[in-house]
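Trainee: Mind having a look at this structure? Questions to follow.
FYI, it's all coordinate maths here, none of it is from the lab. Worth saying up front: this structure is predicted, and the values here are computed from it rather than measured. Note that each Cβ is placed from the backbone with ideal geometry, even for glycine, and that neighbours are counted across all protein chains shown.
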Amino acid sequence: MLVDDFDPLKGKRLEILRKDGSVNKKLEPKIDDDILLKAYRTMVLTRVADEKAVKLQRQGRLGAYPPTKGQEASQIGPALAMGPNDWLVWAFRELGGLIYRGVPLWRLYLYWMGNEEGSSYPEGVHATPSVVPVGSQVPHAVGIAYAAKQRKEDTAVVCFFGDGGTSEGDFHEGLNFAGVMRTPNVFICQNNQWAISVPRERQTASKTIAQKAVAYGFPGIQVDGNDVLALYVATKEALERARKGEGPTLIESYTYRMGDHTTSDDATRYRLEKELLEWADRDPIARFRVYLTNRGLWGEEKEKALLEEVSATVEEEVKKAESFPRPTFEDCFRHTFATMPEDLREQMEALRRELPTGRE
Ligand SMILES: Cc1ncc(C[n+]2csc(CCOP(=O)(O)OP(=O)(O)O)c2C)c(N)n1
Ligand SMILES: [Mg+2]
């Protein structure tokens, strides 16, 4: 088993697709060509959709947005490994995984535009809505997995969170419970080296995040987070364990946030350009393209056609999202209770009085 060969306490990291696009043949997974191509398309679509979201925010057409650039493999690798009944529980920076799992892009844009309709996913798409309170989705993911186990359903739950999320009580409570009850969870920490302006070294004194699993009594593995094949392989093995009733796994996806924390942030204030350039050299999409080219599946013509198709798709999705009415200030008071409690109604009325006329 991989988790035995890549002991995080010994500082080992699973890498299959190297940054130059060459591959470790011994560990290379067998994935059908059409799945590989779908994964590549989704990675490129995610990159283009992400850049568009930042532009929309700058133009005042979308609220705040957390860029996902650089983390595409980290999300799409696990998505490839998931079965149709598995749940995806996410935080707020998992655009690629959601698109791969079938959440329409226009819905995700709509969510960042402030419209709660954006959190309503099509029937059969097993994904929870975004949660911004850091780490709070971890107990939810464990609860879903525990319920599936009690009901004897063939369902595992893949839960994403960040390096910053591991400092929250919810992370500890969730992983502890999962370990004790052997729930079918795969925890994926997207260690993108930063939690807003807090670097990874200030987040935890642990040498790796993967090694935290040891204390909870289940396997942990650190994986090159810019390597879509390694993420696929590690998640697939973890899901197999989960389905066999062998309990959870913690995967640390060692990656990098290429953009700002959100559109309200300016990362040049706290990190060096040198670091950014080093990680740009480890781009997850570039190496996957070389891999596909070496396998005879890709070339310049196809790349050009794909970029055109994907850009047109993104424009269509934006159009669809913008066809919905813009949210009003009242929307942030809705959707929590079926019937709004009196004190919340009073707060809403107080805010209405504060707003300048015309801004409602
Ligand atoms: C409980 C809580 N505390 C603080 C914040 C403010 N906040 C939003 S994102 C974030 C950093 C999260 O870092 P990480 O978990 O590494 O995820 P990343 O943003 O890097 O994807 C913080 C502190 C919050 N949303 N919730
Ligand atoms: Mg982070």
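Trainee: Name the residues in the stretch 23-41 that are assigned to a loop (DSSP other than H, G, I, E, B) and either without any contact (Cβ under 8 Å) to a residue 60 or more places away in the chain or in contact with a helix residue (DSSP H, G or I) (Cβ under 6 Å, 6 or more places away or on another chain) (or both), would you? Don't jump to the end; show me each part of the working.
Mentor: Within the stretch 23-41, the first condition is being assigned to a loop (DSSP other than H, G, I, E, B), and the residues that meet it are 24-32.
Once the filter is applied, which keeps residues that are assigned to a loop (DSSP other than H, G, I, E, B) and either without any contact (Cβ under 8 Å) to a residue 60 or more places away in the chain or in contact with a helix residue (DSSP H, G or I) (Cβ under 6 Å, 6 or more places away or on another chain) (or both), the stretch 23-41 yields 24, 25, 26, 29, 30, 32.
Trainee: Let me ask you something else. Tell me, yes or no, whether the stretch 301-315 has at least one residue that is exposed (fewer than 15 other Cβ atoms within 10 Å of the Cβ) and part of a loop (DSSP other than H, G, I, E, B).
Mentor: Looking for residues that are exposed (fewer than 15 other Cβ atoms within 10 Å of the Cβ) and part of a loop (DSSP other than H, G, I, E, B), one finds none in the stretch 301-315, hence no.
Trainee: More than 16 Å from ligand 2 (Cβ to nearest atom), under 30 Å from residue 11 (Cα atoms) and among the polar types (S, T, N, Q): is that true of residue 137 in this structure?
Mentor: Answer is no for this residue.
Trainee: With the requirement that a residue be part of a helix (DSSP H, G or I) and away from ligand 2 (no atom under 16 Å from the Cβ), what does the stretch 74-100 give you?
Mentor: Selection gives 76, 77, 78, 79, 80, 81, 98, 99, 100.
Trainee: Does the stretch 238-259 hold any residues that are closer than 14 Å to residue 210 by Cβ and assigned to a helix (DSSP H, G or I), and which are they?
Mentor: Across the stretch 238-259, the qualifying residue is only 238.
Trainee: Still on this structure, I have one more. So the check is Cβ under 7 Å with 6+ separation or different chains; which pairs have a first residue in the stretch 253-270 that's near ligand 1 (Cβ under 10 Å from one of its atoms) and a second one that's in a loop (DSSP other than H, G, I, E, B) and aromatic (Phe, Trp, Tyr)?
Mentor: 262/65
Trainee: Another question, if that's okay. Tell me whether the stretch 193-200 contains one or more residues that are in a helix (DSSP H, G or I) and within 14 Å of ligand 1 (Cβ to nearest atom).
Mentor: yes
Trainee: Suppose the filter is part of a helix (DSSP H, G or I), crowded, with 21+ Cβ neighbours inside 10 Å and within 16 Å of ligand 1 (Cβ to nearest atom); does residue 174 pass it?
Mentor: Yes.
Trainee: Among 142, 214, 186, which is part of a helix (DSSP H, G or I), away from ligand 2 (no atom under 16 Å from the Cβ), in contact (Cβ under 8 Å) with a residue 24 or more places away in the chain and crowded, with 20+ Cβ neighbours inside 10 Å?
Mentor: Only one candidate qualifies: 142.
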